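The values are calculated or read from the model by the stated rules, or taken from the named source; none is laboratory data. Every value quoted in this text rests on a predicted model; they were computed, and no experiment measured them. Here the Cβ positions follow ideal geometry from the backbone for every residue, glycine too, while neighbour counts run over all protein chains shown.
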Amino acid sequence: MNSISNLTPTKKTTDDPQAVLEIWGKVPLKGEVKISGAKNSALVLMAGSILCPGKITLNNVPDLVDIKRMGQILTSLGVKLKRSADTLEIDAEDINPTEAPYDVVSQLRASFFVIGPLLTRLGTARVPLPGGCAIGARPVDLHVRGLQSMGANVSIEDGVVHANLVGSADRLQGANIYLDYPSVGATETILMAATLADGITTIGNAAQEPEIVDLANFCNAMGAKVSGAGTNTITIHGVPQLDSVDYNVIPDRIEAGTFLVAGAITKSEITLSSVIPEHLAPVIAKLKEIGCQVLVEEGEGKVFGGNIKAKKLRIIPGELRGTDLETLPYPGFPTDMQAQFTALLSISKGNSVISETVFENRLRHVAELQRMGTNIRVKGHHAIVQGVTSISGAPVMATDLRASAALVLAGLAAEGKTTVRGLHHLDRGYEDLENKLRGLGAKLERVIPGGND
């Protein structure tokens with residue numbers, strides 16, 4: 001097993017910041033690809049492991065830069081980590097509330113998730129304000145107000161959030177909390193904090209994403225009493241302590257959606273294994289509107305939290321036609337799939353209107369897609385897409401994680417060679433994407449310009 005110092009992603013790609021991804025398009029794809037564990041779930045489960053003084057084993061953990069960063073944050077708090085293949089062992093018996101390193105926190109939005117577990121278990125926490133993709137304002141005020149409602153004293157000084165129990169209190173107190181917006185992060189922070197609180201906590205207008213359900217299932221597997229996850233009202237009965245557990249992280253629905261679009265945009269029939277189709281309902285619905293068939297088949301039988309069994313999805317593309325879509329909190333169409341569908345709709349017959357309602361800066365990839373010959377106009381939070389019959393390879397720059405995936409997809413469909421820069425975004429959220437695509441027949445290679453291949 002590897003220690004945390006060896007949690008660097010093991011995939012055979014260079015991490016040189018000058019590296020680019022060269023893609024030769026118009027190559028048909030074929031075969032089966034296995035979907036990795038969900039990045040956004042694994043990150044919060046890693047933070048949630050702090051709740052337990054014993055050992056936690058997480059399986060199906062993806063091999064990503066963001067996972068390494070979260071590991072560095074946990075290590076700075078005294079947590080011991082060991083990794084073998086996709087299994088991560090976490091021992092948080094001896095932890096301390098020292099401030100997490102700013103240089104790591106500033107690169108990872110999910111780093112802020114440790115504040116709830118630290119506060120509810122130790123009674124104190126100091127966490128720098130987080131970073132991540134520059135796709136819009138994602139304030140932590142909903143997290144802070146939730147913790148304050150549970151009796152915490154929370155202040156922000158010099159970019160660091162300080163949280164402590166008030167007076168002689170030895171536990172957070174259950175509370176009725178209503179979120180102004182169904183924030184995934186705030187829902188997760190409050191849910192984790194409430195597991196060890198004294199009394200009952202309810203979260204109204206809670207986020208309903210599958211990652212919330214996975215966190216609730218994980219906490220319940222440790223002995224928590226959480227109900228209602230997946231609905232807009234979550235109830236948590238606080239318990240004195242949580243216990244060790246061996247748990248499987250759910251498959252990544254955004255990676256799965258990205259590969260479904262890869263099949264559609266290259267007009268290729270491919271199969272995805274290790275998926276939970278229910279998590280992809282809005283994505284599958286839009287693919288069917290655009291002209292694709294998506295078939296659910298029995299999978300390898302791996303079971304995830306809540307006794308959910310993995311299955312397979314097969315996409316059979318047809319003649320692509322335009323459609324309108326609007327991003328919304330789950331169960332609406334996910335903002336994390338908007339960029340990929342923008343690329344797909346750019347070569348679909350007819351006109352489409354894409355409305356981004358979640359993040360205000362999440363249409364910056366349009367300018368890069370325009371370099372490839374797409375006909376897309378941005379007006380406010382809307383992208384008006386007029387489908388073209390073909391696009392051409394070009395040098396493009398990724399602006400965020402999902403934009404990087406959209407540019408790779410566009411490169412797969414384009415005539416000639418596309419060169420994608422800004423691969424540090426891609427490496428944050430997609431495990432071994434290049435080799436997975438090569439396994440399906442794609443022609444692409446990561447290189448350092450002017451260097452030796």
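Quick notes
- Against the test of being surrounded by fewer than 23 Cβ atoms within 10 Å (Cβ to Cβ) and out of contact with any Asp or Glu (no Cβ under 6 Å at 6 or more places or on another chain), the options 208, 173 yield a single qualifying residue, 208.
- Selection from region 325-358 of residues that are among the hydroxyl-bearing types (Ser, Thr, Tyr) and over 16 Å from the mean Cα position of the chain (by Cα): 342, 346, 348, 352, 355, 357
- Residues of region 119-135 satisfying the condition of being among the small types (Gly, Ala, Ser), surrounded by fewer than 24 Cβ atoms within 10 Å (Cβ to Cβ) and at pLDDT 90 or above: 123
- Residues that are among the small types (Gly, Ala, Ser) and over 22 Å from the mean Cα position of the chain (by Cα) were ranked within region 229-250; the one that is farthest from residue 214 (Cα to Cα) is 238.
- The single condition from (1) more than 26 Å from residue 272 (Cβ to Cβ); (2) without any contact (Cβ under 8 Å) to a residue 24 or more places away in the chain that residue 438 fails is (1).
- Of all residues in region 345-365, those that are farther than 16 Å from residue 290 by Cβ, hydrophobic (A, V, I, L, M, F, W, C) and crowded, with 23+ Cβ neighbours inside 10 Å total 1.
- Residues of region 366-424 satisfying the condition of being in a loop (DSSP other than H, G, I, E, B) and of a type in the set (A, V, I, L, M, F, W, C): 372, 388, 391, 394, 398, 414
- Condition broken by residue 222, with the remaining ones in (1) farther than 17 Å from residue 304 by Cα; (2) among the hydrophobic types (A, V, I, L, M, F, W, C); (3) surrounded by fewer than 22 Cβ atoms within 10 Å (Cβ to Cβ) satisfied: (1)
- Cross-chain or 6+ apart pairs with Cβ under 7 Å, region 197-209 first and in contact (Cβ under 8 Å) with a residue 60 or more places away in the chain, then assigned to a strand (DSSP E or B): 197/173; 208/231
- Against the test of being within 15 Å of residue 145 (Cβ to Cβ), assigned to a strand (DSSP E or B) and in contact with a Leu (Cβ under 6 Å, 6 or more places away or on another chain), the options 163, 186 yield a single qualifying residue, 163.
- Within region 57-78, the set of residues being under 22 Å from residue 244 (Cβ atoms) and touching a residue at least 24 places away in the same chain (Cβ under 8 Å) comprises 57, 58, 59, 60, 61, 67, 70, 71, 73, 74, 75, 77.
- Residue within region 406-424 that is at pLDDT below 95, in contact with a helix residue (DSSP H, G or I) (Cβ under 6 Å, 6 or more places away or on another chain) and not acidic (Asp, Glu) present: no
- Region 79-95 - residue that is touching a residue at least 40 places away in the same chain (Cβ under 8 Å) and surrounded by fewer than 16 Cβ atoms within 10 Å (Cβ to Cβ) and, of those, nearest to residue 47 (Cα to Cα): 93
One line per residue, one yes/no per condition, for (1) closer than 20 Å to residue 30 by Cα; (2) touching a residue at least 12 places away in the same chain (Cβ under 8 Å); (3) among the polar types (S, T, N, Q); (4) surrounded by fewer than 20 Cβ atoms within 10 Å (Cβ to Cβ):
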site: 293; (1), (2), (3), (4): yes, yes, yes, yes
site: 312; (1), (2), (3), (4): yes, yes, no, yes
site: 316; (1), (2), (3), (4): yes, yes, no, yes
site: 334; (1), (2), (3), (4): no, yes, no, no
